[in-house]
Amino acid sequence: GCIMAEMHLKRPLFPGDDDIGQMVAIARLCGTPSEQNFPGINKLPEHGRLLKLPQCRRRIHDEFASRMDSMGLDLLDKLLVLDPLERITAE
């Protein structure tokens, strides 16, 4: 999903200088991770750091609607789902 988006943007999708910067960039586009969009996230070792993230809504459609058709947008949205168990795979 990142590579697909970067091909359209012609720049890195989630630039960050450190782990927190990277997580903030992801939250700004994909929404802030929560138990609703990533069940079990509260049990991850880094969860305490996630509490410091800004509360953001998912913005993939807003960011890419003018850059790709609806099928491409749907694919990108499914490739960038926060919960790895819900993210689509090549299978």
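The values are calculated or read from the model by the stated rules, or taken from the named source; none is laboratory data. Bear in mind that the values here come from a model prediction, so they are computed numbers and not experimental data. Cβ coordinates were reconstructed from backbone atoms using ideal geometry, including for glycine residues, and neighbour counts include every protein chain displayed. In case anyone asks, the SASA skips ligands and DNA or RNA and just uses the protein heavy atoms, side chains included. Shrake-Rupley method; radii C 1.70, N 1.55, O 1.52, S 1.80 Å.
Quick notes on this one:
- Formal net charge of residues neighbouring Met68 (Cβ-Cβ distance under 11 Å; K, R +1; D, E -1): -3
- Per atom type, the chain shows carbon and sulfur on 56% of its accessible surface, probed at 1.4 Å.
- The chain - convex hull of the alpha-carbon atoms, volume per residue in Å³: 104 Å³
- Check: the chain dipole with +1 on Lys, Arg Cβ and -1 on Asp, Glu Cβ, in debye: 240 debye
- Anchor Lys43: lysines whose Cα lies under 27 Å away (excluding residues fewer than 8 positions away in-chain): Lys52, Lys78
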